[in-house]
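Peer 1: One structure is given below, represented as structure tokens, and several questions about it will come after.
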């Protein structure tokens, strides 16, 4: 029954972080780190040291998943911290499911943003052509690209992280247990 309690307690934080990332493209440290600490405290109180360590390992594995996009400047530090906190919420055993749901939600979110014309496909097209067309003029095309940090290039991935976390918790509730 822990999953239902976890969903009820985590949903307001996930909702606020979605709203903040959509409106301001910002995942506040107070909320992401607060969620992380609350998840670890919840795990310690619910199941003792073994469940706490499961949350710590889930946090570390989820954070490692986001390190490559962060190092390539494809995501921000808030996304790394938010996914780490969500890994602590779900635990190590559910991190692969969390990553799968988050990735699928991110793909759907990016497609929605492209269809609504809130994001451009210019950078993706540029990278694709750089890889597969040897006659492509990279420097001339790079000069025409919009700024990497402009609003039209940023998709708020925190929404996908929150949706993936929520779906993971619902799946664990559906399966009848939470470890």
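The values are calculated or read from the model by the stated rules, or taken from the named source; none is laboratory data. This structure is a prediction, so every number in the text was calculated from the model and none was measured. All Cβ positions, even for glycine, are placed from backbone atoms using ideal geometry, and neighbour counts span all protein chains on display.
Peer 1: Which numbered condition trips up residue 41, out of (1) part of a helix (DSSP H, G or I); (2) surrounded by 15 or more Cβ atoms within 10 Å (Cβ to Cβ)?
Peer 2: (2)
Peer 1: Give region 141-151 a look and list any residue that's surrounded by 14 or more Cβ atoms within 10 Å (Cβ to Cβ) and at pLDDT below 75, or say none. Outline the logic, then answer.
Peer 2: Our first condition is that a residue be surrounded by 14 or more Cβ atoms within 10 Å (Cβ to Cβ); within region 141-151, this holds for 141, 145.
Residue satisfying the conditions is 145 alone.
Peer 1: Turning to a different aspect of this structure: Let me spell it out: the conditions are (1) buried (at least 16 other Cβ atoms within 10 Å of the Cβ); (2) modelled with pLDDT under 95; (3) in contact with a helix residue (DSSP H, G or I) (Cβ under 9 Å, 6 or more places away or on another chain); (4) assigned to a helix (DSSP H, G or I), and residue 84 meets all of them except one. Which number is the exception?
Peer 2: (2)
Peer 1: Any idea which residue in region 109-140 is nearest to residue 158 (Cα to Cα), counting only those that are at pLDDT 80 or above and either touching a helix residue (DSSP H, G or I) at 6+ places or on another chain (Cβ under 8 Å) or surrounded by 13 or more Cβ atoms within 10 Å (Cβ to Cβ) (or both)?
Peer 2: 109
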